[in-house]
1. Run through the stretch 42-109 and list the chymotrypsin sites (Phe, Trp or Tyr not before Pro) located in a DSSP loop whose Cβ has at most 12 other Cβ atoms within 10 Å.
2. Would you mind finding the longest exposed-site-free stretch of the chain, with exposed trypsin sites (Lys or Arg not before Pro) meaning DSSP loop and at most 16 other Cβ atoms within 10 Å?
3. So what is the 222 nm mean residue ellipticity for the chain from helices alone, if each DSSP H run of at least 4 adds -39500 (n - 2.57) and you divide by all residues, rounding to the nearest 500 deg cm²/dmol?
4. Normalise the Cα radius of gyration of the chain by 2.2 N^0.38 Å (N = residues in it) and let me know the number.
5. I'd like the FRET efficiency for V108 and E55, computed as 1/(1 + (r/R0)^6) with the beta carbon distance as r and R0 of 22 Å, rounded to 0.05.
6. Per residue, how many Å² of accessible area does the stretch 13-69 show with a 1.4 Å probe?
7. Leaving out same-chain residues fewer than 8 places away, which lysines sit with a Cα under 28 Å from that of K26?
8. Work out, step by step, the length gained on full extension between N25 and D74: first 0.36 nm times the residue separation, then minus their alpha carbon distance; give nm to one decimal.
Amino acid sequence: EYLKNNCQNYTILRTGWNVGISKKNKCVVNLTYETLLSEEAKMAFDNSFSITHVEDLCASISKILFNNDVSRNDILHLSSSLTVRRTELADFIIEHSKRGKDMTYKKVPFSDIKYSEPRGKLNNLKSQIKFVNENIKFRSPYETILEKVKFLDNLL
């Protein structure tokens with residue numbers, strides 16, 4: 001709101017969970033992977049979000065910055081249009097991880113999970129901007145998840 005009310009020329013970029021293939025990257029895949037290896041893991045069946053590969057995010061930001069056709073003074077959602085439920089993420093990690101046999105969880109509602117910081121239950125971004133929808137491509141969140149799981153498995 002500050003930018004919208006105080007700047008004449010702005011573009012606000014919003015994204016979902018960003019996933020980078022690095023040890024330093026704190027992302028939803030890494031956090032879920034680690035939680036699945038802990039005792040008494042819980043996953044919310046009613047929690048969903050967008051997942052974006054960091055490389056796709058960087059490419060999309062570059063296209064926006066260097067394109068004069070992008071509307072200014074707008075909010076752009078930059079993310080894969082596919083959403084992932086937390087339990088779907090957990091099941092996918094278990095199925096594709098070398099450590100899947102060591103992973104388990106209990107399905108619970110989002111309200112039963114106590115996070116260390118506030119989190120939204122539904123974090124699903126979809127762009128309504130023609131330029132974004134026609135000119136920016138994001139890989140499937142499952143392709144990104146698989147790449148990150150293979151990376152995490154190889155850290156063993």
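The values are calculated or read from the model by the stated rules, or taken from the named source; none is laboratory data. No experiment lies behind these values; they were computed from the predicted model shown. Here the Cβ is made from the backbone with ideal geometry for all residues, glycine too, and neighbour counts use every protein chain on show. Calculation scope for accessible area: heavy atoms of the full protein, side chains included, ligands and nucleic acids excluded. Shrake-Rupley method; radii C 1.70, N 1.55, O 1.52, S 1.80 Å.
1. Filter output for the stretch 42-109: F66.
2. The longest such stretch corresponds to 27-71.
3. On the way: 6 runs with 56 residues, N = 156.
Result for the chain, helices only: -10500 deg cm²/dmol.
4. Numbers: Rg = 17.2 Å, N = 156, 2.2 N^0.38 = 15.0 Å.
Rounded to two decimals, the normalised Rg is 1.15.
5. On the way: r = 33 Å, r/R0 = 1.50.
Calculated value: 0.10.
6. That works out to 54 Å² for each residue.
7. Excluding near neighbours in sequence, the set is K42, K63, K98, K101, K106, K107, K114, K121, K126, K137, K148, K150.
8. 14.8 nm
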